[in-house]
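Asks: Sharing a structure below in structure tokens format, with a few things to ask.
Please treat every number below as a calculation from the coordinates, not as lab data. Fair warning: this is a prediction, and the values are worked out from it, not measured in the lab. Note: ideal-geometry Cβ built from the backbone for every residue, glycine included; neighbour counts use all protein chains shown.
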Amino acid sequence: MEIPHGELNREAWIGLSDKKKEGTFIWRDGTNAEYTNWADEQPNDEDDEQDCVEIANGVFWPGGESQVGVWNDFQCNRELMYICKKNASS
Ligand SMILES: [Ca+2]
Ligand SMILES: [Ca+2]
């Protein structure tokens, strides 16, 4: 899958959040997150308002280190692309 680069296109929601219980990350389908791939010092629940998880495709913020594939908890009301799970088919 190719993700286009651009101001708004660097990151994508992956359907994981700790909205229900702070610190406990649950997938959108209700399953627990057994595998995680957090970026350094994440999740940090910055300002007590980061409950949704995005995946990096470049820098998370201007001037930041470029990272690909690592996760960050982020404010849920941000507009980002999103990635959905789909059954494999031929
Ligand atoms: Ca949180
Ligand atoms: Ca964060």
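Asks: What value in Å³ per residue do you get for the convex hull of the alpha-carbon atoms in the stretch 6-49?
Replies: 108
Asks: Now for a different question. Tally Lys/Arg at +1 and Asp/Glu at -1 over every other residue whose Cβ is under 15 Å from the Cβ of Cys84; what's the total?
Replies: So the surrounding residues net to +1.
Asks: Any idea what the dipole of the chain comes to, in debye rounded to 20, about its Cα centre with Lys/Arg Cβ at +1 and Asp/Glu Cβ at -1?
Replies: 600
Asks: Non-local amide H neighbours of Tyr82 (under 5 Å, H modeled in plane, Pro and chain starts lacking H): which ones?
Replies: Here Trp13 satisfy the definition.
Asks: Give the long-range amide H neighbours of Val59: residues separated by 5 or more places, or on another chain, with amide H under 5 Å away, using H modelled in the peptide plane at 1.01 Å from N.
Replies: Residues meeting the amide H criterion: Gln67.
Asks: Next up: Which whole-number percentage describes the relative contact order of the stretch 12-82, with Cα contacts under 8 Å and a sequence gap of 6 or more?
Replies: 35
Asks: Further question on the same structure: Rg (Å, one decimal) plus Dmax (Å, integer) for the alpha carbons of the chain?
Replies: 13.1, 45
Asks: Provide the FRET efficiency to the nearest 0.05 for the Arg28-Arg78 pair, computing r from the beta carbons and using R0 = 25 Å.
Replies: Efficiency, rounded to the nearest 0.05: 0.90.
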